[in-house]
1. Does GLY157 qualify as being out of contact with any Cys (no Cβ under 7 Å at 6 or more places or on another chain) and at positive phi?
2. Any residue at all in region 24-36 that's in a helix (DSSP H, G or I), at pLDDT below 85 and in contact with a strand residue (DSSP E or B) (Cβ under 6 Å, 6 or more places away or on another chain)?
3. Would a scan of region 191-213 turn up a residue that is of a type in the set (Phe, Trp, Tyr), within 21 Å of GLU77 (Cβ to Cβ), assigned to a helix (DSSP H, G or I) and out of contact with any Cys (no Cβ under 6 Å at 6 or more places or on another chain)?
4. The conditions are (1) open to solvent by 20 Å² or more (accessible area, probe 1.4 Å); (2) touching a residue at least 12 places away in the same chain (Cβ under 8 Å), and THR169 fails exactly one of them. Which is it?
5. Among the residues of region 56-68, is there at least one that is more than 20 Å from ARG182 (Cβ to Cβ), part of a helix (DSSP H, G or I) and open to solvent by less than 20 Å² (accessible area, probe 1.4 Å)?
6. Hey, can you tell me all the residues within region 113-161 that are of a type outside the set (A, V, I, L, M, F, W, C), loosely packed, with under 13 Cβ neighbours inside 10 Å and in a loop (DSSP other than H, G, I, E, B)?
7. Considering every residue within region 93-108, establish whether at least one is in contact with a helix residue (DSSP H, G or I) (Cβ under 9 Å, 6 or more places away or on another chain), in a loop (DSSP other than H, G, I, E, B) and under 18 Å from SER164 (Cβ atoms).
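The values are calculated or read from the model by the stated rules, or taken from the named source; none is laboratory data. Just so you know, these numbers come straight off a predicted model, no measurement behind them. Cβ placement follows ideal geometry from the backbone for every residue including glycine, while neighbour counts extend to all protein chains displayed. Quick note on the areas: whole protein, heavy atoms, side chains included, nothing else; ligands and nucleic acids left out. Shrake-Rupley method; radii C 1.70, N 1.55, O 1.52, S 1.80 Å.
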Amino acid sequence: MKSDMSKVKKQNILRRILEKFLNRVRQHDGGNREVDRKENNMDIPNEILFPLLIEDINKGKTCTLRLRGNSMRPFLESNRDLGIFSSPGEVKVGDPVLAEIEPGHYVMHRVMKIENGDVTLMGDGNLSCEYCTVSDIRASVVGFIRNGRHKADWTDGWKWKTYSWFWVTLRPIRRWLLAFYRYVWLNIFKLKPYKPLKSREINEIVKNFEHKKSSSIKK
């Protein structure tokens, strides 16, 4: 009981710190924002971070978040790349999404199958699937900022679609491809450290997406 209470107290403290941080960023950039997982040297857990992120997404805002975990290798790397999240539109097979597969358990994976409202998800760096419903999808991942570049790789662009086609097609040998990437490729080509972009640079990328989105809606 005591440990549960201390955990709740810690989460409440983290939530207050994060809300103050997000309010500062909202005032700075007008709504579209990058959320860092660390504030005051504390790692913000997903069960606190994502609900606040989703709250803004539901208001029509576009958010960016530094990714954590290896479930979307080899295209994306933990603590190096940023995901760009927007409100979920018409979700299709092949789309990367943010889903809440269990209460408080969020994953950013690729949609592998949709049937009668049931969704099969699989991370590109995973060997097994996870499951949810369409209503459990909290956000669409519309693009990625990789390795500190000043240009996003959009999920409707040729680069992501080409990579996706090859990676999904090669699923039968994924286990060996991931092993080669981890034990051979990364030992030869070392990962570069995270290069943070300035807020104005991220805002410019997000504004380009929103301009493209609004233009497509007008058409």
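1. Working: out of contact with any Cys (no Cβ under 7 Å at 6 or more places or on another chain): yes; at positive phi: no.
In short, no.
2. Of region 24-36, the ones in a helix (DSSP H, G or I) are 24-29.
Next, from what is left, pick out any that are at pLDDT below 85: 24-29.
Still in the list and also in contact with a strand residue (DSSP E or B) (Cβ under 6 Å, 6 or more places away or on another chain): 25.
Scanning region 24-36 turns up at least one residue that is in a helix (DSSP H, G or I), at pLDDT below 85 and in contact with a strand residue (DSSP E or B) (Cβ under 6 Å, 6 or more places away or on another chain).
3. Within region 191-213, none of the residues are of a type in the set (Phe, Trp, Tyr), within 21 Å of GLU77 (Cβ to Cβ), assigned to a helix (DSSP H, G or I) and out of contact with any Cys (no Cβ under 6 Å at 6 or more places or on another chain).
4. Every condition holds for THR169 apart from (2).
5. First pass over region 56-68, keeping only residues more than 20 Å from ARG182 (Cβ to Cβ): 56-66.
Pick out the ones that are also part of a helix (DSSP H, G or I) and you get 56-58.
Right, trim to open to solvent by less than 20 Å² (accessible area, probe 1.4 Å) and you get 56-57.
Checked against the condition, which is being more than 20 Å from ARG182 (Cβ to Cβ), part of a helix (DSSP H, G or I) and open to solvent by less than 20 Å² (accessible area, probe 1.4 Å), region 56-68 yields at least one hit.
6. Correct list: ASN116, GLY117, SER128, HIS150, LYS151, ASP156, GLY157.
7. There is at least one residue in region 93-108 that is in contact with a helix residue (DSSP H, G or I) (Cβ under 9 Å, 6 or more places away or on another chain), in a loop (DSSP other than H, G, I, E, B) and under 18 Å from SER164 (Cβ atoms).
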